[in-house]
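Novice: What follows is a structure written as structure tokens; I'll ask about it next.
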Amino acid sequence: MTTSDERKDTEVKRRVSGYGIICFLAFLCLLVLPCGQSEAHGLFQNHSASALLMLPLEDAQMNLHLSELPIVKPTDPDQELKMILRQEMKRIDRRRLVVAMRLGEKLHMLPDAAPTSGEGAVASVGKRGQESASRFEALIKLTAASFEDEKVIEEPEDWDTDVPQVAIADPLEPINRVFFAFNDKLYFWVLRPIAKGYRYAIPEPFRVGFRNMFSNLAMPIRAVNCLLQGKFKGFGRELLRFVVNSTAGFLGFGDAARIGMHLDPQDEDFGQTLGVYGAGPGIYINWPIFGPSSIRDTIGMAGDFFVDPLHYMVSGTRETIAVRGGDKVNRVSLSIGDYESLKKAALDPYVAVRDAYFQYRRAKIEK
Amino acid sequence: MVLCISLAVVCASPAIAGEPTEAIRKITDKIISIVKDPALQSPEKKGEKDRLIRAAAEEIFDREEMSRRTLARHWRKRTPAEREEFMVLFEDLLQQTYIDRVKGYSGEKVLYEGEKVEGNYALVKVDIMTKQETKIPVLYRLKKKKAGWFVYDLSIEGVSLINNYRTQFNSIIMQSSFKGLIEKLKEKVGKK
């Protein structure tokens with residue numbers, strides 16, 4: 001065996017082990033995470049997700065907000081199930097409910113859960129199914145769009161409380177601030193001047209095109225995470241987008257799928273997947289170069305790294321830095337001014353960025 | 001097909017949009033026309049342009065509600081005079097930020113995506129289409145007063161402006177004091 005063969009061999013092994021890690025992580029978040037947490041334990045083990053469909057919608061909504069329910073001695077198994085579910089729902093948060101329902105959709109083999117499918121569903125699954133289907137639709141409506149989900153009235157408890165406010169824990173603040181200052185200088189002294197020169201040299205349509213190419217290439221990250229979160233439609237959309245944009249969009253340069261077919265990209269990553277399964281952000285980490293992150297999103301970044309085609313297409317440290325750096329400079333050239341105005345509006349830019357990151361990620365996970 | 005439906009929705013929305021959306025639309029259109037006004041483009045008209053944008057923004061933003069929600073638990077401990085001082089400074093800061101932002105306007109499309117009303121509170125969802133064809137979701141929170149609907153918070157890409165300032169102000173108050181916060185605000189808006 002020649003040396004080049006050996007090298008190929010190790011290359012293949014490296015890739016295989018990469019996929020092995022992805023599979024392992026996938027299993028981890030599908031099985032270990034929901035079961036490892038006590039409040040989700042019952043939901044996933046004792047009752048199938050479809051049991052959620054029996055619960056009247058009003059109750060489901062109320063239980064997400066109201067606290068205590070009277071303890072009623074159960075009279076029939078159905079009631080007992082409802083009661084257990086109520087208690088479960090009080091404890092699980094809505095994100096996990098969404099996943100459970102999406103899984104339930106598949107388990108029950110219900111027809112497409114889109115709001116328009118009511119009539120068709122009724123005939124095929126009978127009276128019981130009819131109830132389930134309509135409840136299911138209502139629940140889907142309740143949870144599908146984040147705007148629908150948004151509370152119109154914010155309770156004073158949401159903001160005007162004496163308890164420490166909802167924010168991300170930051171025990172590493174002193175060191176995070178050091179790295180924040182470092183990244184700030186990196187931006188103003190290195191990244192911005194380069195991006196400005198680049199912006200001057202390359203017309204905007206090309207820069208948008210390059211950005212599209214990179215994001216088209218990263219399709220597996222979004223597709224895999226759609227699958228892991230049970231967003232099967234999103235998965236299909238991502239595949240379709242990739243096919244359309246790689247062909248009609250000239251290797252992803254143009255976003256033909258969005259312009260022609262109204263298919264928006266599904267912005268999913270492994271950090272969000274972990275969040276959907278109930279993982280909190282942990283603590284805030286401001287990485288040098290990479291910027292704001294959290295424990296959860298750092299694990300997410302590492303997970304996505306193995307699904308990222310760039311990781312397998314580009315070998316060698318120097319080439320990797322060149323390609324990733326090129327992507328970064330290109331992106332920055334399209335958003336010069338954003339960081340500047342954020343900084344200008346803030347009294348404490350470090351806290352402003354930390355909170356914006358926390359809110360932004362939370363909104364993404366809820367979507 | 002999808003395109004047709006969404007076009008129909010976009011075209012139909014002016015007719016069915018409720019009061020909160022109309023309130024936002026009125027001010028948005030007004031500000032866009034100020035920013036685009038060729039008579040206000042010259043550098044010597046900068047002051048007048050800023051003043052007009054400021055006046056338009058004052059028509060829709062509820063500074064007391066914004067201040068109360070931003071200071072949150074610290075609001076209750078403040079005297080009326082302290083509250084007033086804070087409100088004036090905070091409004092200046094918001095105006096400064098806001099004027100900065102809208103001045104960067106360069107033909108972005110504003111799409112009204114829907115509204116939800118519950119009693120005296122409302123949400124209005126807007127998508128801003130940039131020239132680079134990226135969609136920026138914006139969510140306005142409004143409260144109804146006698147004079148009409150007023151905005152007390154807006155979220156851009158899920159990041160609430162008021163929540164963001166609340167976290168910052170809380171951190172500053174905890175580290176120094178309310179006085180310290182006022183000093184920092186004065187410094188920021190250039191009143192020192």
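FYI, it's all coordinate maths here, none of it is from the lab. For clarity, every value in this text was computed on a predicted model and none was experimentally measured. All Cβ positions, even for glycine, are placed from backbone atoms using ideal geometry, and neighbour counts span all protein chains on display.
Novice: Give me the number: length gained by fully extending B:Lys144 to B:Val102, i.e. 0.36 nm times residue separation minus the C-alpha to C-alpha distance, one decimal in nm.
Specialist: 12.7 nm
Novice: Next question, about the same structure. Output wanted: per-residue J couplings in Hz (rounded whole) for region A:300-314, from phi through Karplus 6.51 cos²θ - 1.76 cosθ + 1.60, θ = phi - 60°, x for Gly and Pro.
Specialist: After applying 6.51 cos²θ - 1.76 cosθ + 1.60, I find x, 4, 5, x, 5, 3, 6, 9, 6, x, 4, 4, 9, 7, 10 Hz.
Novice: For helix B:161-175, what angle does its Cα long axis make with the longest principal axis of chain B, in degrees from 0 to 90 and rounded to 10?
Specialist: Rounded to the nearest ten degrees, it is 10.
Novice: Exposure proxy check: A:Tyr350, A:Tyr200, B:Tyr105 ranked by fewest other beta carbons within 10 Å?
Specialist: Ascending number of Cβ neighbours within 10 Å: A:Tyr200, B:Tyr105, A:Tyr350.
Novice: Across 10 Å bins from the origin, how do the percents of Cα pairs in chain B run, short distances first?
Specialist: Pairs per bin, as whole percents: 8, 31, 34, 21, 6, 1.
Novice: What is the ratio of the Cα radius of gyration of region A:173-366 to 2.2 N^0.38 Å, with N the residue count, to two decimals?
Specialist: Cα-based Rg divided by the globular estimate yields 1.07.
Novice: Strictly over 24 Å apart at the Cα level, which of A:Lys151/B:Lys135; A:Lys367/B:Lys135; B:Lys36/B:Lys184; B:Lys26/B:Lys125; A:Lys328/A:Lys364; A:Lys367/B:Lys144 would you flag in this model?
Specialist: B:Lys36/B:Lys184; A:Lys367/B:Lys144
Novice: Please list 3J(HN,Hα) in residue order for region A:221-233, calculated via the Karplus relation 6.51 cos²θ - 1.76 cosθ + 1.60 where θ = phi - 60°; whole Hz, with x for glycine and proline.
Specialist: For region A:221-233, the Karplus-derived couplings read 4, 5, 5, 4, 6, 4, 4, 5, 8, x, 8, 5, 5 Hz, x marking Gly and Pro.
Novice: By counting other Cβ atoms within 10 Å of each Cβ, how are B:Ser155, B:Ser106, A:Ser294, B:Ser33 ranked from fewest to most?
Specialist: B:Ser106, B:Ser33, B:Ser155, A:Ser294
Novice: Hey, another quick one. Just tell me how shielded B:153-160 is by partners: mean number of partner chain Cβ atoms within 10 Å of each residue's Cβ, no decimals.
Specialist: What the average comes to for B:153-160 is 5.
Novice: Something else about it: Name the most mobile residue of B:Leu94, B:Leu40, B:Leu154, meaning the one with the largest mean-square fluctuation, in a Gaussian network model of chain B with Cα contacts below 10 Å.
Specialist: Residue with maximal mean-square fluctuation among B:Leu94, B:Leu40, B:Leu154: B:Leu40.
Novice: Now, a different point. Hey, got the average number of other protein chain Cβ atoms within 10 angstrom for residues in A:183-194?
Specialist: Taking the mean over all residues of the peptide, I get 0.
Novice: When 1/r is averaged over all different Cα pairs and the result inverted, which Kirkwood radius in Å belongs to region A:202-269?
Specialist: 11.8
Novice: Next question, about the same structure. Neighbour counts of other C-beta atoms within 10 Å: give me B:Tyr165, A:Tyr312, A:Tyr357 arranged from fewest to most.
Specialist: A:Tyr312, A:Tyr357, B:Tyr165
Novice: Grab the other residues whose beta carbon is less than 15 angstrom from that of A:Asn212, score K and R as +1, D and E as -1, and report the net.
Specialist: It works out to a net charge of +1.
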